[in-house]
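The next block holds one structure in the form of structure tokens; read it before the comments.
The values are calculated or read from the model by the stated rules, or taken from the named source; none is laboratory data. The structure presented is a predicted model; accordingly, all values stated were derived computationally and were not measured. Every residue, glycine as well, gets a Cβ built from its backbone with ideal geometry; the counts of neighbours run over all protein chains shown. Please note that ligands, DNA and RNA were not included when accessible areas were found on the heavy atoms of the full protein model with its side chains. Shrake-Rupley method; radii C 1.70, N 1.55, O 1.52, S 1.80 Å.
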Amino acid sequence: PEHLLAEVSWLAAISAETGLHVPTPQPTRDGGWSAVMPSPTHGRDLPMVLFSWLEGPNIGTRWTLTQARTVGAAMATLHDHAEHWTMPPGAKLTVFDNVLTDLPNLLGDHPALDAEAREVLTAACQRAQQLQDAAFASGRVIPLHADLHGGNLKWHQGRLSIFDFDDAGLGVPALDLAIAAYYLRDRDDLEDALRAGYSTVRTLPQVTAEQFEAMVAGRNLLLVDDLLEQQNAELQAFVPTYVESSVRRLRGWLQTGTY
């Protein structure tokens with residue numbers, strides 16, 4: 001309930017106070033942001049929120065330079081707003097000071113991992129945590145979307161929409177930028193455009209290159225850990241391929257300092 005209140009309150013404020021296009025929560029008849037309804041399927045009551053509709057397809061994995069610049073500017077606008085927004089009483093967001101957020105750490109002991117994978121993933125997690133700790137120690141934490149990839153972004157008639165704020169949490173602004181950069185690492189020009197767009201609104205986050213690369217690597221570690229925890233058969237079938245790719249990339253980061 002505390003997280004839900006924080007999420008919908010922030011979205012309502014973003015919608016009312018910025019030019020960003022986000023799903024706007026619709027109040028209930030008594031003025032609340034959510035309603036509780038019984039769900040026989042789940043065997044319990046579930047909170048329900050009604051949001052405004054967002055037109056258009058997701059950006060997905062095929063970004064244009066214009067889209068990357070627009071996303072960067074939108075992220076900076078979110079950060080500007082978050083710095084001045086006050087969470088209402090009773091609302092709470094998780095602090096993302098742990099590389100794996102609130103997930104159980106399965107990287108050192110899981111049947112899907114061989115000895116080499118466990119060694120690389122454990123070493124990478126320890127290194128990423130050390131550098132992320134340093135970034136958090138020298139920066140102010142603010143509300144972040146924390147999941148700005150193409151599956152959570154829509155593009156319709158030249159207009160960007162940002163949705164899926166349910167993974168929002170508190171962190172240094174560089175973490176948001178690093179998470180988005182993780183998905184763009186196959187194209188340097190897109191990441192450059194993302195940064196350029198951000199800098200049109202506010203100064204780029206002040207972290208070292210080493211700390212930033214650690215947070216990009218941390219996103220990979222989080223996704224591996226999350227995948228290992230999934231019970232869905234289709235996702236489980238993807239584990240060997242993703243683990244192999246991740247171990248190769250994270251080993252390269254440990255050796256070179258660049259993810």
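Listed by first and then second residue, the pairs linking a residue in the range 72-93 that is within 24 Å of Tyr198 (Cα to Cα) to a residue that is of a type in the set (Lys, Arg) and in a helix (DSSP H, G or I), with Cβ atoms under 8 Å apart and 6 or more places separating them unless they lie on different chains, are Gly72/Arg195.
Residues that are part of a loop (DSSP other than H, G, I, E, B) and within 23 Å of Leu153 (Cβ to Cβ): does the range 187-200 have at least one?
Checking the range 187-200: at least one residue is part of a loop (DSSP other than H, G, I, E, B) and within 23 Å of Leu153 (Cβ to Cβ).
For the range 59-73, the tally of residues that are in contact with a helix residue (DSSP H, G or I) (Cβ under 8 Å, 6 or more places away or on another chain) and either crowded, with 17+ Cβ neighbours inside 10 Å or acidic (Asp, Glu) (or both) stands at 8. Would you point out the residue of the range 98-110, among those that are under 22 Å from Tyr183 (Cα atoms) and without any contact (Cβ under 8 Å) to a residue 60 or more places away in the chain, that is most open to solvent (accessible area, probe 1.4 Å)? Among residues in the range 98-110 that are under 22 Å from Tyr183 (Cα atoms) and without any contact (Cβ under 8 Å) to a residue 60 or more places away in the chain, the one most open to solvent (accessible area, probe 1.4 Å) is Asp102.
Test Thr41 against the criterion of being touching a residue at least 24 places away in the same chain (Cβ under 8 Å), among the β-branched types (Val, Ile, Thr) and open to solvent by 40 Å² or more (accessible area, probe 1.4 Å), and give yes or no.
Working: touching a residue at least 24 places away in the same chain (Cβ under 8 Å): no; among the β-branched types (Val, Ile, Thr): yes; open to solvent by 40 Å² or more (accessible area, probe 1.4 Å): yes.
For Thr41, the condition - touching a residue at least 24 places away in the same chain (Cβ under 8 Å), among the β-branched types (Val, Ile, Thr) and open to solvent by 40 Å² or more (accessible area, probe 1.4 Å) - is not met.
Which members of the range 111-121 meet the condition of being open to solvent by 40 Å² or more (accessible area, probe 1.4 Å) and either closer than 15 Å to Leu223 by Cβ or hydroxyl-bearing (Ser, Thr, Tyr) (or both)?
First pass over the range 111-121, keeping only residues open to solvent by 40 Å² or more (accessible area, probe 1.4 Å): 111-112, 114-116, 118-119.
Of everything in the range 111-121, just one residue is open to solvent by 40 Å² or more (accessible area, probe 1.4 Å) and either closer than 15 Å to Leu223 by Cβ or hydroxyl-bearing (Ser, Thr, Tyr) (or both), namely Ala112.
I'd like the full set of residues that are more than 15 Å from Gly108 (Cα to Cα) and either acidic (Asp, Glu) or open to solvent by 30 Å² or more (accessible area, probe 1.4 Å) (or both), limited to the range 210-231. The answer is Glu210, Glu213, Gln230, Gln231.
When the range 83-97 is examined, which residues are found to be of a type outside the set (Val, Ile, Thr) and either farther than 24 Å from Glu213 by Cα or surrounded by fewer than 16 Cβ atoms within 10 Å (Cβ to Cβ) (or both)? Spell out the reasoning first.
So in the range 83-97, the residues of a type outside the set (Val, Ile, Thr) come out as 83-85, 87-93, 96-97.
Result: Glu83, His84, Trp85, Met87, Pro88, Pro89, Gly90, Ala91, Lys92, Leu93.
Are any of the residues in the range 178-199 open to solvent by 20 Å² or more (accessible area, probe 1.4 Å), of a type in the set (Val, Ile, Thr) and out of contact with any strand residue (DSSP E or B) (no Cβ under 7 Å at 6 or more places or on another chain)?
Among the residues of the range 178-199, not one is open to solvent by 20 Å² or more (accessible area, probe 1.4 Å), of a type in the set (Val, Ile, Thr) and out of contact with any strand residue (DSSP E or B) (no Cβ under 7 Å at 6 or more places or on another chain), which makes the answer no.
Whenever a residue of the range 128-148 is in contact (Cβ under 8 Å) with a residue 24 or more places away in the chain, its partners that are acidic (Asp, Glu) and open to solvent by less than 40 Å² (accessible area, probe 1.4 Å), lying with C-beta atoms within less than 6 angstrom and at least six residues away or across chains, give the pairs Leu144/Asp176. With respect to (1) more than 11 Å from the chain's Cα centre (by Cα); (2) more than 22 Å from His84 (Cβ to Cβ); (3) outside any loop (DSSP other than H, G, I, E, B); (4) not aliphatic (A, V, I, L, M), the lone exception for Asp166 is condition (1).
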